[in-house]
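Quick notes on the structure that follows.
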Amino acid sequence: MASVLLTQALLAILCGSLVGFSLALIGGGGSILATPLVLYVVGVHDPHVAIGTSALAVAVNAFANLVPHARAGHVRWKVAFVFAATGILGAYVGSTLGKAVNGQHLLVLFALLMLVVAGLMLRGRRGGRANHYPLPHMNYRLGAVGLGAGGLSGFFGIGGGFLIVPGLMFASGMEIINAIGTSLFSVGAFGLTTTINYAVSGLIDWRVAVEFIGGGIAGGWLGTLGAKRLARTRGALNLIFAVVIILVAIFMLYKSLRI
């Protein structure tokens, strides 16, 4: 029993390091791998527990990464609070619905979402947009987009940065660097909301979550060191990571539909 727990702990730390490393190295999209890694590598067999555990790890990593962006002045706090306010409501409703959906059906939907994320990553982010912040009627746009992004984030237990970043740019007119920094507040807030909702139902493996978070912090530190050296190959890394997401999604569909 002790050897099994040790093996699981090492796998959780390793998987957390992988997610943290990839996030720091190539940006958003990495947190969507947290749930399949917890499920298929670490060995948490209940899909709902895997989602709840991943949501906690995503929230902690988002708040940790928020600090350096805030120090660099990349966070628009007014926008962050307005976006998160409605998004938290969406995350609560979404996570409540997610708990009610059959676990295997939820994994099929999750795999389909991964394919969408991979497609967006292959398409690439457009960073050359002019800064039109703030746009007229910004608060109304932020509220509507935040509600939708929070709902999807809560339903699948993901960070949702791939939705939040373009959503912030559309709703407020800010540049992408500020959208990335500001998005981390919402990613953390949505993940924390989902975590609390799942924790109330006892759907979090706290030991695995702590191990995964510890690995994520270490991996994020290594990824940050490598990001500068590998900046010129960021596009190739993004392509490789998108292909990995597609392969994992196909594997999840195979496992879930076969059952």
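The values are calculated or read from the model by the stated rules, or taken from the named source; none is laboratory data. As the structure is a computational prediction, the values presented were derived from the model and not from experiment. As a convention, Cβ positions derive from the backbone with ideal geometry for all residues, glycine included, and neighbour counts pool all protein chains shown. Note: areas computed on protein heavy atoms with side chains; ligands, DNA, RNA excluded. Shrake-Rupley method; radii C 1.70, N 1.55, O 1.52, S 1.80 Å.
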If you take the residues of segment 1-37 that are touching a Ser or Thr at 6+ places or on another chain (Cβ under 6 Å) and modelled with pLDDT under 85, which of them is least open to solvent (accessible area, probe 1.4 Å)?
30
Which count do you get for residues in segment 48-58 that are surrounded by fewer than 24 Cβ atoms within 10 Å (Cβ to Cβ) and of a type in the set (A, V, I, L, M)?
1
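Looking at 81, 110, which is the one that is open to solvent by less than 30 Å² (accessible area, probe 1.4 Å) and either aromatic (Phe, Trp, Tyr) or at positive phi (or both)?
Details: 81 fails: open to solvent by less than 30 Å² (accessible area, probe 1.4 Å).
Result: 110 is the single residue among 81, 110 that is open to solvent by less than 30 Å² (accessible area, probe 1.4 Å) and either aromatic (Phe, Trp, Tyr) or at positive phi (or both).
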Residues within segment 38-47 that are assigned to a helix (DSSP H, G or I) and surrounded by fewer than 23 Cβ atoms within 10 Å (Cβ to Cβ), tallied:
2
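Just to check your reading of the model, which residue among 192, 89, 97 is modelled with pLDDT of 85 or more, under 14 Å from the mean Cα position of the chain (by Cα) and either open to solvent by 70 Å² or more (accessible area, probe 1.4 Å) or among the acidic types (Asp, Glu) (or both)?
Values: 89 fails: under 14 Å from the mean Cα position of the chain (by Cα); 97 fails: under 14 Å from the mean Cα position of the chain (by Cα).
From the options 192, 89, 97, the qualifying one is 192.
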